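The values are calculated or read from the model by the stated rules, or taken from the named source; none is laboratory data. Here the structure is a predicted model, which means the values were calculated and not measured. In this analysis, Cβ positions are derived from the backbone assuming ideal geometry, glycine residues included, and neighbour counts consider all displayed protein chains.
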Amino acid sequence: MALEPLSLSKVAKSLETSSSYEFQVILKTLTSARYVDDKLLKSDLAVLVAKILKLLRSSDDYFVWKGCKLSDVLCAYNAVVLCSQAGPLLTALFGKLEPKAGFYRTTVSSLQGKTVLFSLVKSVDILLDLIRGKPALTREVLTPRLPAIIGVLINLSQFEPALCCPVLKKLLVKNTTTFRPHIGKYNNVLVTLIVKDYNHFDKRTKRLILENFALLNLIKQNTGVKDETMRHHKAFQDEQWRQGMMNVLYSFKPVINLCGEILDFSADEDMKTLMNKLPSSKSEEMKEFLPPVNVDLNKPSSLWAIAERLDLLCDLVVAFVTQHTPFRMRVPLGGVVVIAEAILSLTTNYLPLQRLLRRDAELTSTISAMLPTLQASGVSLLGSMSQMYGKSLLPYTPSVLASLEFFIPMKQGTTSIDFDKVDSLKDQFFGLFAIVDIFLSHTGHLFNETTLFTKLIDIALHMTRDAVPLKHLYQKQNATSKASSQKSKKAGKQNTGSMSDVYSHPHAFIGKCSLRKYDSLNCFLTRIVVNLKLQSAHQIKITNYAITTTLRVQKEVGFLPESFVHLLRALVMHPGYEKISILPIAVTLLKGQGDEVFEVFCNPRLPVAPVQSVLRQEEPELSLENNEENMVLEGTFGENGEVGHKISHATIEGETKSSENLESPSISLPTNFEQVSKEEPEKLMRKRVVDDHDQIAIFETKIRKTVETTKTETPETRYIPVEIIEEKQSTVEVHESEKDDDSDFEIPEIHLSDDDEE
């Protein structure tokens, strides 16, 4: 007997009084498909929806919150309610959202008010997504209410961009026509957020703001043609979008030129060439939406405004080029690559400081700390472009890889890597490894070993080591004398209490390399080993790292991550110039979990090659009628097989004598064969074809003879085997030539006697 579902009228009665776990049970009950029935629309469903609307119109924040959750679940799981009651529910939600957003500061003054505000926005978003794509609901419910909803969300986005920007982004893409009147207002809100409060948000919110700003350029604000003489020219669909992106690209050159006041660009001709290649506006129609950068060399901290602006511009370019648009876009890849190269060239490794700035210690230290941050923006820009466009950047590969080498910090006046600065730029180097990995995956073995790859290998191996932040403290020598330590014993005791752990437990301050970082570094090293033929020094370094770290990680974690397995495979299959394989070591390391590739190496299972019997070209008349193990002879023998008997007897006698005397250097032909060759040369055996199995059998017979002879020899008596295989019959089929008749005969049995052996 089928059980009847719980009546919705009873569920409706307990909506106001339910709380906590009981309310969760009600939400779970409403997801049942048994309530999707139009017969309940005028009875139980109508009562339930009326109760939900009553909760939404309540002045109690808790009741409003429950109404939001009930409307979300009921509309998502009940298509009957969505089609019949979507209008009243959306009106009730928006009616509650509008005053809450209008009095934002009062609303968010309490935690309950802020929670209700977030729930209302999310409920409106869910209901809009459910209505979108259904023609009747869109025409009757969504379109009349959408302009008012967009206006409220734009006003609220200046206070809560993380909450409103995802909703507005979907409206920009899917309801472009309805959004058109609000473009100017939303643009002002976004520009204000970008200029004033951009660095106050987290990464996700920053990305949402910039993506909305980029999508605004998909909508043409002015549809009319200003110049009537240009009406015949074809207008591209992405013209508005391209103009917005070019405005961003044009903003790079003034900022990079400002760095020329710090670094001497005239010392490098390549830098001058890059500056001339930077995108610049040839007309005065450039729309500047960002204020100028204010820098005062008397205030070294103001130099960080350059890094802030370049970071913002790079993020804007990434937001423009990574958005999916309904039409094709013309992306100026060459201009973006030139900008990235110019940013990466801002380094003191190749460009000297201006003469007037070299004496100010504070200014020079600020510049040395700021320049790697500028270069990091270029690395992130190239990383996003390579991930998005991949093979389209292959024509720029040589220049990109050459510019990436500028990011590697070098010690002043030397060619050695400054690993102290590398430790402060670990996150940026992971991005650089990803870029090199992408280019190597597209080019394969096209590159030879260059200084960039060797330096990156050293940096990657350095980053796998544990971080020791106290190494500089231990390296410092104690310059204070005993007198200075005795000045204040009391103060010394107070300091000793806080510093005791530093000297007694230094291992507690060591930073371990995480498995996620190991995976990234192993992926990069695997790509290097597979695509480049490294010199022995770097190949050995990677091999030592793979073996030692694999052992340590297995002991610490209890299993071996997949990235280490791939690295060991690459080292076995691509040993470089090394002649010694690490296959036994790799198999030993992986014996616990096994590996299919190494199993094939250790136990190769090669397919059996097909066997074909091919006749000799010089003797087409010969054919093997049976697959028996026999010898096929051609020639003319004497009567009763005398010649055959003599030759066979001589052959067996020669084999027996050779087994008895293994030390004899050579075996002379039997005299019977010489006699036959002189007396009857026309009856010589011209050809003997022996099957492979017969050869193997003869070879095994010889071995048995030798082994048996060795075993039977004793100091007292020496037995010489005379008869090895007793009563062995050999049947030989003889096919004569075409001149003779086709008669067959059988060679008689050959018995070896004692006289013959003697």
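Worth a mention:
- Residues in segment 156-211 that are within 15 Å of residue 122 (Cβ to Cβ) and outside any helix (DSSP H, G or I): 160 only.
Residue-by-condition table, conditions (1) farther than 14 Å from residue 87 by Cα; (2) touching a Phe, Trp or Tyr at 6+ places or on another chain (Cβ under 6 Å); (3) buried (at least 20 other Cβ atoms within 10 Å of the Cβ):
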site	(1), (2), (3)
113	yes, no, no
124	no, no, yes
127	no, no, yes
138	no, no, no
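- Residue count, segment 82-107 (criterion: surrounded by 19 or more Cβ atoms within 10 Å (Cβ to Cβ), more than 30 Å from residue 41 (Cβ to Cβ) and within 45 Å of the chain's Cα centre (by Cα)): 1
- Whether a residue is buried (at least 17 other Cβ atoms within 10 Å of the Cβ), part of a loop (DSSP other than H, G, I, E, B), in contact (Cβ under 8 Å) with a residue 24 or more places away in the chain and not hydrophobic (A, V, I, L, M, F, W, C) was assessed, and residue 347 passes this test.
- Taking first residues from segment 390-404 that are of a type in the set (Ser, Thr, Tyr) and partners that are buried (at least 21 other Cβ atoms within 10 Å of the Cβ) and outside any helix (DSSP H, G or I), the Cβ contacts under 8 Å between residues at least 6 apart in sequence or on separate chains come to 403/345.
- Segments classed as helices (runs of 4 or more DSSP H), wholly inside segment 493-574, with at least 2 members that are hydroxyl-bearing (Ser, Thr, Tyr) and modelled with pLDDT of 90 or more: 515-531, 536-557
- Residues being acidic (Asp, Glu) and outside any helix (DSSP H, G or I) - total across segment 36-60: 2
- Tallying residues that are within 40 Å of the chain's Cα centre (by Cα), assigned to a helix (DSSP H, G or I) and touching a residue at least 12 places away in the same chain (Cβ under 8 Å) within segment 268-301 yields 6.
- Condition met for residue 15 (touching a Cys at 6+ places or on another chain (Cβ under 8 Å) and closer than 22 Å to residue 112 by Cα): no
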